[in-house]
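Read the structure below first, then the notes.
The values are calculated or read from the model by the stated rules, or taken from the named source; none is laboratory data. Values in this document were obtained by computation on a predicted structure and should not be read as measured data. FYI the Cβ positions are ideal-geometry reconstructions off the backbone, even for glycines, and counts take in every protein chain you see. Ligands, DNA and RNA are excluded from the accessible area calculation, which covers all protein heavy atoms including side chains. Shrake-Rupley method; radii C 1.70, N 1.55, O 1.52, S 1.80 Å.
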Amino acid sequence: MTDDKFLTIATTSEGVYKEKGSRFLAFAYPVTTEDEVRELIKELKKTYFDARHHVYAFRLGCDMKTYRCSDDGEPSNSSGPPVLGQIQSNNLTNILIVVVRYFGGTKLGVPGLINAYRSAAADAIANNQIVEQFEMDTFTISFGYETMNSVMKVIKDEQPEQRNQQYDNVCSITLSIRKMNSETLRNKLLSIEGVTINE
């Protein structure tokens, strides 16, 4: 794999595991920021407010260096790490998995909990599609209307994704391109007089 390629999940999915009356409901989400992670956990805690535990693990970024997990009141290392382990063993990033537990009255012990949380997380991943994505570089360019043709020619040649276009006396377009192709695009645009790049 080149440095800007990574594996993640295509969409949201759910998994379930039942053991001795306890139910473990797993929810997997594609995410890109810690803010998204916080929001999703908050939403699930609101929806499943009557559950005993909301265990989670996430990993972010192409370099996979941002990751965290929480046992949320379960015995130490019995729940968060097994969920994170499923993310790691599938080599996934930009993913959040939350496992909501409804206690069934019978204690499972640490080995039982590890197996339950791991199995629920694995089920959520199995019910999803693993996709290959590229790390993207996104930035906004501003330019005068008179340089429109030159700018559009570069965009046509390099084929970045275009968003938020505004055409006026001063025009702006937000562009998104695979990171490894970003420098070429930036240099070509900056060689056009009057083009500025805003991150």
Can you tell me how many residues within the range 4-35 are open to solvent by 70 Å² or more (accessible area, probe 1.4 Å) and under 17 Å from the mean Cα position of the chain (by Cα)? 5
For the condition of a type in the set (Lys, Arg) and open to solvent by 30 Å² or more (accessible area, probe 1.4 Å), what is the one hit in ARG68, ARG101? ARG68
Within the range 1-86, which strands (runs of 3 or more DSSP E) (wholly inside it) include 3 or more residues that are touching an Asp or Glu at 6+ places or on another chain (Cβ under 8 Å) and on the phi < 0 side of the Ramachandran plot? 5-9, 13-19, 22-30, 53-60
Give all pairs with beta carbons closer than 7 Å in which a residue from the range 182-197 that is without any contact (Cβ under 8 Å) to a residue 24 or more places away in the chain meets a residue that is of a type outside the set (D, E, K, R); count only pairs at least 6 apart in sequence or on separate chains. LEU190/ILE197
Subset of the range 36-65 [of a type in the set (Val, Ile, Thr) and open to solvent by 60 Å² or more (accessible area, probe 1.4 Å)]: THR47
Only residues that are within 19 Å of GLU74 (Cα to Cα) and either free of Cβ contacts under 8 Å to residues at least 12 places away in the same chain or in contact with a Leu (Cβ under 7 Å, 6 or more places away or on another chain) (or both): list them for the range 84-98, please. LEU96, VAL98
Any residue that is in contact (Cβ under 8 Å) with a residue 24 or more places away in the chain and either hydroxyl-bearing (Ser, Thr, Tyr) or farther than 15 Å from TYR29 by Cα (or both) - is there at least one of those in the range 119-127? yes
So for the range 143-160 (the condition being surrounded by 12 or more Cβ atoms within 10 Å (Cβ to Cβ), under 30 Å from ASN91 (Cβ atoms) and in contact (Cβ under 8 Å) with a residue 24 or more places away in the chain), does at least one residue qualify? yes
Residue check: is THR138 among the hydroxyl-bearing types (Ser, Thr, Tyr), under 27 Å from ILE95 (Cβ atoms) and open to solvent by 30 Å² or more (accessible area, probe 1.4 Å)? yes
Examine the range 132-145 for a residue that is under 30 Å from LYS46 (Cβ atoms) and of a type in the set (Val, Ile, Thr), and state whether such a residue exists. no
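Here are VAL131, VAL110: which of them is more than 17 Å from the chain's Cα centre (by Cα) and surrounded by fewer than 21 Cβ atoms within 10 Å (Cβ to Cβ)?
Selected residue: VAL110, the only one of VAL131, VAL110 that is more than 17 Å from the chain's Cα centre (by Cα) and surrounded by fewer than 21 Cβ atoms within 10 Å (Cβ to Cβ).
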